[in-house]
Amino acid sequence: MTDTFVDHATFTVERILPGRPPRAFRFWSDFDLKRKWTSCHPDWTVLEDRFDFRIGGSEVVRWQTAEGEMRGFRAHYFDIEPGERIVYAYEMTLGTKRLSVSLATVVFAADGTQTRMTFTEQGVALDADAGLDMRASGTGSGFDRLIAVMEREQSPLHS
């Protein structure tokens, strides 16, 4: 019998985003807007990038790192309520090895003239190096990039 590694974690990250929920939702649902805040490794080569944002749709991104490693992200969208909620499951891979699998829920709620975004992830690391604690930290950094992009993209049309 082989030893298998399994580590479960649940974490929540909240951010106050500029603008109302329909605007915040667009930065998740529009391919070009989403890539402005999720493309965080400029030294990685994008090998595949597909985005089918609908219930039953999927998102696939594959990269080659500067060191030559193959990395992957594959998501499946289970529930989408425009301006309110997104529920999706995703996996992260290194080469052909699955590192982790997660269920993520993103909730958008009005908070005055802004949006309170609550992201909850229930994950399972399948590799000791997958680092779900690091994932929570990285997710928070990603949402800080989201805020910066939303602030740069301010316009009366999108508020």
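A few remarks follow.
- Of all accessible heavy-atom area on the chain, the percent that carbon and sulfur account for (1.4 Å): 52
- Relative contact order of region 1-111, defined on C-alpha pairs under 8 angstrom at six or more residues apart (%): 19
- With the helix formula -39500 (n - 2.57) applied to DSSP H stretches of n ≥ 4, the chain reaches a computed 222 nm mean residue ellipticity of -7500 deg cm²/dmol.
- Using a probe of 1.4 angstrom and keeping all protein chains present, the accessible surface of the chain works out to 56 square angstrom per residue.
- Packing, taken as the mean count of other beta carbons within 10 Å per residue, orders the peptides 29-38, 16-25 from highest to lowest as 16-25, 29-38.
- Surface accessible to a 1.4 Å probe, residue 135 within the full protein complex, Å²: 40
- Tensor-based shape of region 109-150 (alpha-carbon gyration tensor, a/c under 1.5 rounded, otherwise prolate or oblate): oblate
The values are calculated or read from the model by the stated rules, or taken from the named source; none is laboratory data. Remember, predicted model here, so these are calculated numbers, not experimental data. Using ideal geometry, Cβ is built from the backbone for each residue, glycine included, and neighbour counts are taken over all protein chains shown. Each accessible area value is taken on the protein alone, full model and side chains, heavy atoms only, with ligands, DNA and RNA left out. Shrake-Rupley method; radii C 1.70, N 1.55, O 1.52, S 1.80 Å.
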